[in-house]
Every structure is written in structure tokens, then in C-alpha cells.
Ligand SMILES: NC(=O)c1ccc[n+]([C@@H]2O[C@H](COP(=O)([O-])OP(=O)(O)OC[C@H]3O[C@@H](n4cnc5c(N)ncnc54)[C@H](O)[C@@H]3O)[C@@H](O)[C@H]2O)c1
């Protein structure tokens, strides 16, 4: 079991990062350490996602540093000022559509940013004789998208070949390769996780679930790509956070873990579930809302289906998702309803 005392969480003001920080500080009794959140606050990140955390833990167990992970001087300063022993690396450009319109930011943050962190960790954690300091660890968060699109059946295990097909997934694949290269070449202690599509509170409403919820609540059209039959495995973000904590604590050095809920849904079916739940909660007419579904031109190169084989994390670490889709969607909807200033 790793000690995990001074964590550098990158991208902690974004969707999964803020849920992870909340889970650790508010809900994980066996974590007694400190968290430094390094985030440049792009459009996707906001300190409001951590409202309450700063007040309760700020200056004691939680510290926020605004800055770019590509800024080596800044990253070096953070490592030394806080005595960082663990990196939990979320920071990335994360939206596939944006990567198609403007890949440069993805190459920069996802590849150069990861490289900068690996270099900074190496220089902070290696002693003069070249030995790694005791207890240091680098965890990299990646995606199922690096394995590429699957057919109608089957799932990707941890040793599946990489086949990224969008600038986003290609940049994540590059960062994954760099992390393992630092492990194999220099001995940096690392773990890596590839997770399926997350949903839950604090996700920026450009992604499918929060966008659809906000549009249903506002009576706006509901865009669906192509024929709506692309399939994704959906995991509630708190289950992902719990998996990350288990990997950080007990994951084997140099190993990769797939994290998913084995809950595959076609986009159109998922949207129908959202419509049904919101209409029930808010007394809306589901048929009228369903009429606002608008099929739009498909995303270029849109991957048809991703699915992960998550047997390894179940067997080795005993992790299992706890939140079923229905419950997770209810909780997510309640969050956006309350954020929109409507009665839950
Ligand atoms: N959302 C998903 O479904 C999903 C699934 C699997 C893996 N992931 C991975 O999880 C991680 C987090 O995803 P998310 O959905 O929370 O993303 P997000 O877009 O909501 O948040 C990303 C955060 O990183 C910050 N950031 C971006 N570039 C930065 C830089 N150069 N320096 C410092 N901070 C920077 C942003 O300000 C933001 O707060 C990403 O690495 C993503 O690839 C996401």
C-alpha cells in the first residue's frame, strides 16, 4: 500500500478531477494527505467546481495553483514548494469535437504537458546517485478511446493494441506511451488507467449527457450525431474516482488498469432514458420532448463502439462500480436542475 502524502492533482478544476478531489478529501477516511491542484482553468475548468472544498480544506489539506502543466519552471516550483510525492494527472484537452476543429491545443496540453510533468517528476524524485526516492508515484489518467473503434461484440483488454483515430485519442495515446517509456527506460514508478465515458456532476455542458439535460430543461432541440447508434460504456464519475484511489494505493507498479461499468448504451437509447427521467421529475410531456430530437451530420471519423474488459481491476484490486445507470442519471439530473436554479 502506497503512503500518498503530498499529491499533485493536475486538471483538478475539471469534471473528473474535481470529483476525485472531493471524493478524497470528503469521503476517503484512509487518505490523510494534502492535495495541490494545478490547473490553468481553460473553458472546461472552474474553481466553482470545488466550492466548499477551499473553505473546508484550503491552506491545510487543499491548495490551488493556477498554471499550465507545460510551464516547466512553474511545475518545478510546485514540486519543490509542496514536497510532491505523487502525481495524479488528469489535465488535458478532452473534447473530441474540439480536437477535430483545433488539434494544436491537444498536442500541446496532452503531449507536451505530460512530457513536462514526467521531466519535472524525474528531476524532483531522482537522487544524485540516480536512485528514485522512496514512495514516489506517477498515475496517468487515460481513455478507452486509445484502443479505437470495435465491432458489434468484444471488448478491449489492457494489452489490446492501440488504434486511436481522432486527434484527441491520438494525443492521449502519445501521452500514454510517454508515461510507459519513462517507466521502462528510467524506472519511474507509474500506473495508468484507461476509463470509459464518465458522467455525473460538474461536467462542462458540451458533452452529450449534460448538454442533453440542459437542452431538455431549456426546451431546446436535442442534437444526436448520425443515426444515434454509436455505443459507449457509461460510468458514474464517483465510481471512477474510487477506482483511481484503489489503483493509487495498491495498483502494481508499471501496470495499466481498464476502468468501466460494462453498461453499454446507444446514444439514442441513452437520450430516451434521460428524457423519461427528466419528464417524470419535472412533469413534462415525453412525446413532445422526444419530437425535439434532431439528427445532425455525423462527427468525422466517429468511432462506432468502445468497450473495455475490466476483469483485471476487479480481480486484482476488488473494485466494482457501485452506481447503476438509473441512479447515476437521477443524481446527475438533480445536479444540473439545481445548478440551473430550478427546484430539484
Ligand atoms: N470525461 C470522460 O469521459 C473521460 C473518460 C476517460 C478519460 N478521461 C480523461 O480524464 C481526464 C480528465 O477529463 P475531464 O473530462 O475531467 O476533462 P475536463 O475537460 O473536464 O477537464 C480538464 C481540466 O484540465 C485543465 N487543463 C487543460 N489543459 C491544461 C494545461 N495545459 N495545464 C493545466 N491544466 C489544464 C482544464 O482547465 C480542466 O480543468 C483527461 O485526461 C481525459 O482524457 C476522460
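Just so it is clear, none of the values below were taken in a lab; they were calculated from the coordinates. Model, not experiment: these values are computed from the prediction. For neighbour counting, all protein chains shown are included, and Cβ atoms are generated from backbone atoms with ideal geometry for every residue, glycine included.
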(message) Defining a contact as two alpha carbons under 8 Å apart and six or more residues distant in sequence, what relative contact order in percent does the chain show?
(response) 18 percent
(request) Select from 259, 146, 296 the residue whose mean-square fluctuation is largest in a Gaussian network model of the chain (Cα-Cα springs shorter than 10 Å). (result) 296
(request) Enter the angle in degrees (range 0 to 90, nearest 10) between the Cα long axis of helix 15-27 and the first principal axis of the Cα atoms of the chain, meaning the one along which they spread out most. (result) 70 degrees
(request) Name the residue, out of 12, 260, 154, whose mean-square fluctuation peaks in a Gaussian network model built on the chain with Cα pairs under 10 Å. (result) 154
(request) Return one number: the angle in degrees, 0 to 90 and rounded to the nearest 10, between the long axis of the Cα atoms of helix 237-250 and the longest principal axis of the Cα atoms of the chain. (result) 20 degrees
(request) Report, in degrees rounded to the nearest 10, the 0 to 90 angle that the Cα long axis of helix 208-218 makes with the longest principal axis of the chain. (result) 50 degrees
(message) Based only on other Cβ atoms within 10 Å, what is the fewest-to-most ordering of 144, 76?
(response) 76, 144
(request) Divide by every residue of the chain the summed helix terms, -39500 (n - 2.57) for each DSSP H run of at least 4, and state the resulting mean residue ellipticity at 222 nm, rounded to the nearest 500 deg cm²/dmol. (result) -12000 deg cm²/dmol
(request) Tell me, rounded to the nearest percent, the portion of alpha carbon pairs in the chain spaced more than 24 Å apart. (result) 55 percent
(message) With every atom except the alpha carbons ignored, what do you get for Rg and Dmax of the range 39-185, in angstroms?
(response) 17.0, 53
(request) Return the whole-Å distance between the Cα centroid of the range 104-129 and the Cα centroid of the range 265-344. (result) 35 Å
(request) Sort the range 191-344 into rounded, prolate or oblate with this rule: let a ≥ b ≥ c be the square roots of the eigenvalues of the Cα gyration tensor; rounded if a/c is under 1.5, and if a/c is not under 1.5, prolate when a/b is larger than b/c, oblate otherwise. (result) prolate
(request) Given the options 210, 221, 29, state which has the largest fluctuation in a GNM of the chain using a 10 Å cut-off (strictly under) for Cα springs. (result) 29
(message) If neighbour count is taken as other Cβ atoms inside 10 Å, put 132, 234 in order from fewest to most.
(response) 132, 234
(message) Can you classify the range 22-115 as rounded, prolate or oblate using the Cα gyration tensor, where a ≥ b ≥ c are the square roots of its eigenvalues, rounded means a/c under 1.5, and otherwise it's prolate if a/b beats b/c and oblate if not?
(response) prolate
(request) Take 62, 236 and order them by how many other Cβ atoms sit within 10 Å, fewest up front. (result) 62, 236
(message) Over the range 124-283, what is the relative contact order in percent, taking alpha-carbon pairs closer than 8 angstrom and at least six residues apart?
(response) 25 percent
(request) Work out, in µm²/s and without decimals, the Stokes-Einstein translational diffusion coefficient of the range 148-243 at 37 °C, 0.692 mPa s, Rh from Kirkwood over C-alpha pairs. (result) 201 µm²/s
(request) Give the relative contact order (percent, whole number) for the range 145-217; include only Cα pairs under 8 Å separated by 6+ residues. (result) 21 percent
(message) Only bridges whose two residues both fall in the chain count here: according to DSSP, what percent of them are antiparallel, nearest 5?
(response) 10 percent
